[in-house]
Amino acid sequence: MTGETANPYPADFIESKLSKAGQNALRIWHESLTLLDPRYRDKDFLKAAALSMVDEEYRAKLIRDSEAVAGRPGAHSASPGAIEVKFHANTDTTLHVVLPPSERELEGRDPALRDVLISRSAYFRDEWNLSDPRKYDEQIFVPPAPGDQ
């Protein structure tokens, strides 16, 4: 999943492939993970998750061999090869739990994210254009307008 390869995701991928419930589940998934770790903002994660929701074969391969199927999402956020990425799926007998960031880790986060976590009144901007070549959306957290609180 590099910017140099042809983008397999049409601009309306989410709207055309996922039901409304699926779209909302993907949004909630993306928002909650982004709060845990800013590296989840990488659109490659969102693309892989969206595709895994509608393509069972892709989902199984992604879980079996994450790097081979998805490339190296997140690799640009550190030196090449420094981040190992594994995709998991919960089953009836296994529940994968990702812990929230420690208090120390939160101190170093983007001030806009800290404001969102403190106020809990901001919202996420939906940016579902998966054909957009940018790795990240410019602003994912939108603070409330003055007087909206």
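The values are calculated or read from the model by the stated rules, or taken from the named source; none is laboratory data. Computed from a prediction, not measured in an experiment: that's the story for all the values here. Counting neighbours? That spans all protein chains shown, and the Cβs are built from the backbone with ideal geometry, glycine included. For the accessible areas, the whole protein counts, side chains as well, though only heavy atoms, and no ligand, DNA or RNA atoms are used. Shrake-Rupley method; radii C 1.70, N 1.55, O 1.52, S 1.80 Å.
Using a basic spin-label model with each label point 7 Å from the Cα along Cα→Cβ, how many nm lie between Lys20 and Asp37?
3.4 nm
To the nearest 10 Å², what's His30's accessible area with a 1.4 Å probe?
Accessible area, nearest 10 Å²: 20 Å².
Compute, for Asp42, the solvent-accessible surface of its heavy atoms (probe 1.4 Å) with the complete set of protein chains present, and express it in square angstrom to the nearest 10.
Looks like 0 Å² after rounding.
Provide the solvent-accessible area of Ile118, counting protein heavy atoms only and rolling a 1.4 Å probe, rounded to the nearest 10 Å².
The value for Ile118 is about 140 Å².
At 0.36 nm per residue, minus the direct Cα-Cα distance, what do Ile83 and Leu99 gain on full extension? Give it in nm, one decimal, please. Don't skip to the answer; put the middle values down first.
Details: separation 16, 0.36 × 16 = 5.76 nm, distance 1.75 nm.
Between Ile83 and Leu99, full extension yields an extra 4.0 nm.
If Lys and Arg each add +1 and Asp and Glu each add -1, what is the summed charge of the other residues whose beta carbon sits under 15 Å from the beta carbon of Glu103?
Counting the neighbours of Glu103, the net charge comes to 0.
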